[in-house]
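Read through the structure below, which is laid out as structure tokens, and then see the notes.
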Amino acid sequence: MCEVIVLFNGHSTKFDDETMKANCTCTLIKASKNIIVDTMTAWDREKIIQVLIKHNITPEKIDYVVCTHGHADHIGNNNLFVNAEHIIGTCVHRGELFFNKNLKDGYQICPEVKIIATPGHTPDDITVLVESTVSGKSTCFAITGDLFEKEEDILDPTIWQELGTTELQKTQSCMRSHVIDIANFIIPGHGPMFTVTDDMRKTIKNQIIV
Ligand SMILES: [Zn+2]
């Protein structure tokens, strides 16, 4: 049995051109391995320890830390998890040992969980794909980091476009379509999880920049 538990919903609010309030979505996957995806800011250490206790787990029992990209609001508490392999974007390491993984072909970290490269927001962005079962049906959860900022960016693409790497907008638009085509649920970088609909898939396909 594989469980996907959103520990904290991310959020983001732009105040003006210079200031934004944001924190990332933080997700726990309980599969054949224990995995935490995106570890929020350095100010959230105690919050993360406490929420893990609620889910009967301690930082020592986490096998993998996955950060969807290297921005400060996604990596702040990686050092809580020193028994884990760390996958920070396309950089994979355990302590001083660094591993060369080809994420383009996908990195299967356990039978239910695969990591794929989804460049766009940054050149090194990754998405976590989790195969689970919901009401007897096989279901794919995509934990996308800022490939999808929040559900609202489907109808208003300026939201993700303003926050990402300008040169990679074309790539990001293709990656968004690829991921939404295979996902049943998306857990975005800065908003609550949402159910994918065929209308959303069509909308995203029409937004591919050619
Ligand atoms: Zn972010």
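The values are calculated or read from the model by the stated rules, or taken from the named source; none is laboratory data. Here the structure is a predicted model, which means the values were calculated and not measured. Neighbour counts are summed over all protein chains in view; Cβ atoms, including those assigned to glycine, are modelled from backbone coordinates with ideal geometry.
Taking residue 83 as the residue in question, decide whether it is farther than 23 Å from residue 163 by Cα and outside any loop (DSSP other than H, G, I, E, B). In short, no.
Among residues belonging to the range 191-210 that are in a loop (DSSP other than H, G, I, E, B) and more than 16 Å from the ligand (Cβ to nearest atom), point out the one that is modelled with the lowest pLDDT. Spell out how you get there, then give the answer.
Of the range 191-210, the ones in a loop (DSSP other than H, G, I, E, B) are 191-193, 196-197, 207-210.
From what's left, more than 16 Å from the ligand (Cβ to nearest atom): 196-197, 207-210.
Values: 196: 98, 197: 98, 207: 97, 208: 97, 209: 96, 210: 91.
Going through the qualifying residues, I end up with 210.
Report the residue count in the range 32-50 for those that are out of contact with any Ser or Thr (no Cβ under 8 Å at 6 or more places or on another chain) and under 22 Å from residue 148 (Cβ atoms). Residues that pass the stated criteria total 5. Only one of the numbered conditions (1) within 16 Å of the ligand (Cβ to nearest atom); (2) closer than 21 Å to residue 117 by Cα is not met by residue 19, and that is (2). Within the range 29-50, if we keep just the residues that are among the hydrophobic types (A, V, I, L, M, F, W, C) and within 25 Å of residue 163 (Cα to Cα), the residue that is nearest to the ligand (Cβ to nearest atom) turns out to be 40. Filtered by the rule that a residue be of a type in the set (Gly, Ala, Ser) and either loosely packed, with under 14 Cβ neighbours inside 10 Å or out of contact with any helix residue (DSSP H, G or I) (no Cβ under 9 Å at 6 or more places or on another chain) (or both), the range 115-141 gives 132, 135, 136, 138. Restricting 136, 145 to those that are among the small types (Gly, Ala, Ser) and free of Cβ contacts under 8 Å to residues at least 24 places away in the same chain reduces the list to 136.
All but one of (1) touching an Asp or Glu at 6+ places or on another chain (Cβ under 6 Å); (2) touching a residue at least 40 places away in the same chain (Cβ under 8 Å) hold for residue 83; state the number of the condition that does not hold. Among (1) touching an Asp or Glu at 6+ places or on another chain (Cβ under 6 Å); (2) touching a residue at least 40 places away in the same chain (Cβ under 8 Å), the lone unmet condition for residue 83 is (2). Just so you know, in the range 142-164 the residues that are crowded, with 22+ Cβ neighbours inside 10 Å and part of a loop (DSSP other than H, G, I, E, B) include one that is farthest from the ligand (Cβ to nearest atom), and it is 154.
Please tell me if residue 112 is among the acidic types (Asp, Glu), buried (at least 19 other Cβ atoms within 10 Å of the Cβ), away from the ligand (no atom under 16 Å from the Cβ) and more than 12 Å from the chain's Cα centre (by Cα). Against the criterion (among the acidic types (Asp, Glu), buried (at least 19 other Cβ atoms within 10 Å of the Cβ), away from the ligand (no atom under 16 Å from the Cβ) and more than 12 Å from the chain's Cα centre (by Cα)), residue 112 qualifies.
If you go through the range 175-190 and keep only what is within 16 Å of the ligand (Cβ to nearest atom) and either in a strand (DSSP E or B) or on the phi > 0 side of the Ramachandran plot (or both), you end up with 186, 187, 188.
Of everything in the range 63-80 that is assigned to a loop (DSSP other than H, G, I, E, B), closer than 22 Å to residue 130 by Cα and out of contact with any helix residue (DSSP H, G or I) (no Cβ under 9 Å at 6 or more places or on another chain), the residue that is nearest to the ligand (Cβ to nearest atom) is 70.
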